[in-house]
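S.K.: Supplied in structure tokens, the structure appears directly below.
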Amino acid sequence: VVGGHGHGGAEPSTEGAPTTAGTPITELVADPARPADVRVELVARAERIVLPGGEAVDGFTLNGSTPGPEIRARQGELVEVALRNESVAAGTTLHWHGVDVPAAMDGVAGVTQDAVPPGGSSTYRFVAEDAGSYWYHAHQVSHAQVAGGLFGALVVEPAEAAEPPHALDVVALLHTYPGTSRTLDGVSGEVRHVAAAGSLVRVRIANTDSSPTVAWASAPFRLIAIDGTDLHEPGQVEGLRVAVTAGGRADLELRVPPGGARVQAPGVSLVVGPAGASPPELAAPAEALDPLDYGEPAPLGLDAADPDRDFAYDIGRMPGFLDGRPGIWWTINGRMGGDVPAYVVAEGDVVRMRIANGSGEVHPMHLHGHHAVVLSRDGVPASGSPWWVDSLDVGHGETYEIAFVADNPGVWMDHCHTLPHAVEGLQTHLVYE
Ligand code: C2O
Ligand code: CU
């Protein structure tokens, strides 16, 4: 899908929906009269989790497990998720990370809905318009609830795939529960999937932790998608690691060697191969694949040279008071948290944003409801496949230029996905005038 989310692709599900200026009215996409194609009930509970390795932690579950059930839909299908909060005392919600849902379905407590109290429920309905790898998570006291287990995978398969191109298509959710070792799909250590030698496998890595991580593989692979958007003609990679920012996804495709392959992240791995295969464990490669020049260039689908809005977004740190508490807080353009003015756009605007970080730490920045394309880093223009993101690591000293189309009216959070940082001031909003 070149050009990414909502920029010129077919939108089968909105056919016949009322439009303004050619844009489907997103609120009507989840028409209550339309029956759901995929319907899931999720019951959230606060409970003690025992990981398969025996480690235990007081956390949260969805339908009795963490991660919650994997939700799979086909592009164009209407997904309906009924959330019931049984015992999460602070209340909870579900946010569809990376899915450009209508604003009312975004699941952000205090912004798009109230937190669902214990005994309450809330139903989310949205059309899965873009194929790709996503995840869902609580967005109420997120830094505690996500870490504690209120999350799961969401995969949207392409509408037209007559035959699945991959013999095996699996998600690898990376997660660290408070005080435990890192897990992959809730398992510490190693997860195994059987796949015949020679078969093509897709591994959808999602980083649900609050800090950026990396992944690598024991066999040559292609990085075929980032944050749910396919890369254009991505080449084969060997001996490089791939960055997976907090909240981000990286989809690897590889052909299974006779002895199987191991896809690794620090502390965990996923083995694909014939039963009993034991591919080598490798140390993380020293060099990283750079998405800035990976894959073949293709049109962006927007004119970033002549934007309707041009914003600066400078991340810093300063001492002050936030919610009455003294501390050293993260800032955006010199202000923190609720004092940061919202970025105001009009529907249809091409928005360019220059994000600079002089705060001393990396920040995985996440914009809700939109995907942005990376134009440049530190003045070096992107020269590979259009690199669309919903979550982007901005390292200390780095400057990124990104662009997106304001095509999803609403009030949208824009925050650091090192979730404690969002509480510590690193959050603002994108609003439509
Ligand atoms: Cu993945 Cu505002 O969150
Ligand atoms: Cu941060």
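The values are calculated or read from the model by the stated rules, or taken from the named source; none is laboratory data. Computed from a predicted structure; not experimentally measured. When we count neighbours, we look across all protein chains shown, and the Cβ atoms used for this are built from the backbone with ideal geometry, even at glycine.
S.K.: Of everything in region 177-198 that's among the hydroxyl-bearing types (Ser, Thr, Tyr) and surrounded by fewer than 18 Cβ atoms within 10 Å (Cβ to Cβ), which residue is farthest from GLN264 (Cα to Cα)?
M.R.: Here is the first cut: in region 177-198, the ones among the hydroxyl-bearing types (Ser, Thr, Tyr) are 177, 180-181, 183, 188.
Now narrow it down to the ones that are surrounded by fewer than 18 Cβ atoms within 10 Å (Cβ to Cβ): 180-181.
Numbers: THR180: 18, SER181: 15 Å.
Only one residue fits best here, namely THR180.
S.K.: Which residue is farthest from ligand 2 (Cβ to nearest atom), if the candidates are limited to region 320-350 and must be in contact with a Pro (Cβ under 6 Å, 6 or more places away or on another chain) and either assigned to a strand (DSSP E or B) or among the β-branched types (Val, Ile, Thr) (or both)? Walk me through it before giving the result.
M.R.: From region 320-350, those in contact with a Pro (Cβ under 6 Å, 6 or more places away or on another chain) are 328, 347, 350; that's our starting set.
Still in the running and either assigned to a strand (DSSP E or B) or among the β-branched types (Val, Ile, Thr) (or both): 328, 350.
Details: ILE328: 13, VAL350: 27 Å.
Filtering first and then ranking leaves VAL350.
S.K.: Take region 334-346 and flag every residue that is at pLDDT 95 or above and more than 16 Å from LEU367 (Cα to Cα).
M.R.: Pass one, region 334-346, residues at pLDDT 95 or above: 343-346.
The answer is ALA346, and nothing else.
S.K.: Within region 336-355, how many residues are touching a Gly at 6+ places or on another chain (Cβ under 9 Å) and in contact (Cβ under 8 Å) with a residue 12 or more places away in the chain?
M.R.: Within region 336-355, residues that are touching a Gly at 6+ places or on another chain (Cβ under 9 Å) and in contact (Cβ under 8 Å) with a residue 12 or more places away in the chain number 3.
S.K.: Further, regarding this structure: Being aliphatic (A, V, I, L, M) and more than 24 Å from ASN408 (Cα to Cα) is the requirement here; does VAL127 meet it?
M.R.: So VAL127 does not fit the description; no.
S.K.: Can you tell me which condition VAL271 does not meet? The list is (1) farther than 25 Å from ASP230 by Cβ; (2) in a loop (DSSP other than H, G, I, E, B), and all the others hold.
M.R.: That leaves (2) as the condition not met.
S.K.: Follow-up question, since we're still on this one. If we scan region 17-31, do we find a residue that is exposed (fewer than 15 other Cβ atoms within 10 Å of the Cβ), at pLDDT 80 or above and out of contact with any Phe, Trp or Tyr (no Cβ under 7 Å at 6 or more places or on another chain)?
M.R.: Looking through region 17-31, at least one residue is exposed (fewer than 15 other Cβ atoms within 10 Å of the Cβ), at pLDDT 80 or above and out of contact with any Phe, Trp or Tyr (no Cβ under 7 Å at 6 or more places or on another chain).
S.K.: If you don't mind, there's one more thing I want to ask. Taking the conditions exactly as written (under 16 Å from VAL101 (Cα atoms), away from ligand 1 (no atom under 16 Å from the Cβ), hydrophobic (A, V, I, L, M, F, W, C) and over 15 Å from the mean Cα position of the chain (by Cα)), does VAL127 satisfy them or not? Steps first, please.
M.R.: Working: under 16 Å from VAL101 (Cα atoms): yes; away from ligand 1 (no atom under 16 Å from the Cβ): yes; hydrophobic (A, V, I, L, M, F, W, C): yes; over 15 Å from the mean Cα position of the chain (by Cα): yes.
Against the criterion (under 16 Å from VAL101 (Cα atoms), away from ligand 1 (no atom under 16 Å from the Cβ), hydrophobic (A, V, I, L, M, F, W, C) and over 15 Å from the mean Cα position of the chain (by Cα)), VAL127 qualifies.
S.K.: Of all residues in region 398-433 being within 13 Å of ligand 2 (Cβ to nearest atom) and part of a strand (DSSP E or B), which is surrounded by the most Cβ atoms within 10 Å (Cβ to Cβ)?
M.R.: Here the answer is CYS416.
S.K.: With respect to LEU78, determine if the residue is under 18 Å from ALA153 (Cβ atoms) and away from ligand 2 (no atom under 16 Å from the Cβ). Working first, answer last.
M.R.: Working: under 18 Å from ALA153 (Cβ atoms): no; away from ligand 2 (no atom under 16 Å from the Cβ): yes.
Judged against the criteria, LEU78 is not a match.
S.K.: ALA305 - would you say it is without any contact (Cβ under 8 Å) to a residue 40 or more places away in the chain and part of a loop (DSSP other than H, G, I, E, B)? So that I can check it myself, show each step before the final result.
M.R.: Numbers: without any contact (Cβ under 8 Å) to a residue 40 or more places away in the chain: yes; part of a loop (DSSP other than H, G, I, E, B): yes.
Against the criterion (without any contact (Cβ under 8 Å) to a residue 40 or more places away in the chain and part of a loop (DSSP other than H, G, I, E, B)), ALA305 qualifies.
S.K.: Look at VAL101 and say whether it is within 16 Å of ligand 1 (Cβ to nearest atom), surrounded by fewer than 22 Cβ atoms within 10 Å (Cβ to Cβ) and assigned to a loop (DSSP other than H, G, I, E, B).
M.R.: In short, no.
S.K.: With the requirement that a residue be farther than 21 Å from ALA131 by Cα and not in a strand (DSSP E or B), what does region 236-268 give you? Outline the logic, then answer.
M.R.: Step one: of region 236-268, the residues farther than 21 Å from ALA131 by Cα are 236-243, 255-268.
Hits for region 236-268 are GLU238, GLY239, LEU240, VAL256, PRO257, PRO258, GLY259, GLY260, PRO266, GLY267.
S.K.: Do we have VAL88 as over 13 Å from the mean Cα position of the chain (by Cα) and part of a strand (DSSP E or B) here?
M.R.: Values: over 13 Å from the mean Cα position of the chain (by Cα): yes; part of a strand (DSSP E or B): no.
Taking the combined requirement at face value, the residue does not satisfy it.
S.K.: Which residues, counting only those in region 406-423, are touching a strand residue (DSSP E or B) at 6+ places or on another chain (Cβ under 7 Å), among the aliphatic types (A, V, I, L, M) and closer than 23 Å to ALA144 by Cβ?
M.R.: Within region 406-423, MET413, ALA422 qualify.
S.K.: Would you mind stating whether HIS97 is touching a Phe, Trp or Tyr at 6+ places or on another chain (Cβ under 8 Å) and either modelled with pLDDT of 95 or more or within 16 Å of ligand 2 (Cβ to nearest atom) (or both)? Lay out the reasoning, then the answer.
M.R.: Values: touching a Phe, Trp or Tyr at 6+ places or on another chain (Cβ under 8 Å): yes; either modelled with pLDDT of 95 or more or within 16 Å of ligand 2 (Cβ to nearest atom) (or both): yes.
The answer is yes for HIS97.
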